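Novice: Here's a structure for you.
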Ligand SMILES: C[S@@+](CC[C@H](N)C(=O)[O-])C[C@H]1O[C@@H](n2cnc3c(N)ncnc32)[C@H](O)[C@@H]1O
């Protein structure tokens, strides 16, 4: 059946396709979703994901019909610009993505597009849609689908050499747009993003994990890394939201200094097999914790 053909109910096939995460993201939660289901409260008001990344849990809950209103946030401005363009400017985005789709097998083209951010002045002239298309194209064609920038904020992942990367996945992007229609989308530090949280809301924190060893740090989704001070600030925010009457859930590394920060709350351990890991050197099953205040 053609994807725009009307079904007997009068809706198109595209309209019933459930959205999936549209970027591959370090620390993505897709493989843990079945285990996470048991932690989700039966009812809650708004849903907040202040470290949204690829949004695996958000899309999962949206597809289950659990989300009335969503607040999605991430400090990565290229990622958030992409969310906003999908929601507000999808036709223009498809046009730009089409140009990348046509060149998706060329390594030379990849490095040309990747290195556009080496000249900040001319990069600043790009429209938000051009930037969004670039970010999505790089995510689909770079090595391991890793979004990594160096200290200067320059994208520095090598070419992925994929057989047939899906740069322009129109059907999923339209489904994603539907899921984002009523979402508030911001690019803030997590603490600021949560000023709009109220009693009865569910907050899911999936921060950059605290490294389990000195060599295993993956903290470069954005120019600024997430330090132990940030982890303490996060635990303080967790407590404040608990006192406000929110449902609060958090994932993090299974490691003593982090467990210590959440003493007194329910802490469960899960085994996660990571494809692209916050701890880049560990790809086998690794224990992580889920903390809840309920
Ligand atoms: C573990 S990833 C989230 C993965 C996501 N749950 C998924 O399924 O793909 C952590 C995210 O936190 C973002 N981040 C880092 N520091 C932040 C901050 N201070 N405030 C908000 N977001 C931040 C990163 O850009 C990254 O996307």
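Novice: First check a/c for segment 59-184, with a ≥ b ≥ c the square roots of the eigenvalues of its C-alpha gyration tensor; if it is under 1.5, answer rounded, and if not, answer prolate when a/b is larger than b/c or oblate otherwise. Please report the intermediate quantities before stating the final value.
Specialist: Values: a/c = 1.80, a/b = 1.51, b/c = 1.19.
Judged from the Cα gyration tensor, segment 59-184 comes out prolate (a/c at least 1.5, a/b above b/c).
Novice: Rounded to the nearest 5, what % of the DSSP beta bridges within the chain are antiparallel ones?
Specialist: 55 percent
Novice: If you don't mind, there's one more thing I want to ask. Mean residue ellipticity at 222 nm from the helices of the chain, using -39,500 (n - 2.57) per DSSP H segment of n ≥ 4 over the full residue count, to the nearest 500 deg cm²/dmol?
Specialist: Working: 12 runs with 105 residues, N = 294.
About -10000 deg cm²/dmol.
Novice: Follow-up question, since we're still on this one. Among 27, 200, 55, which one shows the highest mean-square fluctuation when the chain is modelled as a Gaussian network with alpha-carbon springs under 10 Å?
Specialist: Among 27, 200, 55, the largest mean-square fluctuation in the Gaussian network model of the chain belongs to 200.
Novice: Of the candidates 189, 206, 74, which one comes out as most mobile in a Gaussian network treatment of the chain with C-alpha springs shorter than 10 Å?
Specialist: The residue with the greatest mean-square fluctuation here is 189.
Novice: Now, a different point. Let me test this: with uniform point scatterers at the alpha carbons of the chain, what is the Debye-based log₁₀ I(q)/I(0) at q = 0.08 1/Å?
Specialist: Once normalised to I(0) and log-transformed, intensities are -0.35.
Novice: Continuing with the same structure: I'd like the distance separating the alpha-carbon centroids of segment 111-140 and segment 229-263, in whole Å.
Specialist: Cα centroid to Cα centroid, the span is 35 Å.
Novice: Additional query: Taking the Cα-to-Cβ direction at residue 240 and at residue 43 and moving 7 Å from each Cα, how far apart do the two end points lie in nm?
Specialist: Between residue 240 and residue 43, the simple spin-label model gives 2.9 nm.
Novice: Report the residue, chosen from 179, 26, 124, that carries the largest GNM mean-square fluctuation when the chain is represented by alpha-carbon nodes joined by springs under 10 Å.
Specialist: 124
Novice: Roughly what would the spin-label model give for residue 122 and residue 227, points 7 Å off Cα along C-beta, in nm?
Specialist: Once both label points are built, they end up 3.6 nm from each other.
The numbers here are math on the coordinates, done by the rules we state, and not lab data. Keep in mind the model is a prediction, meaning the values are calculated, not measured. Virtual Cβ from ideal backbone geometry, glycine too; neighbours counted across all protein chains shown.
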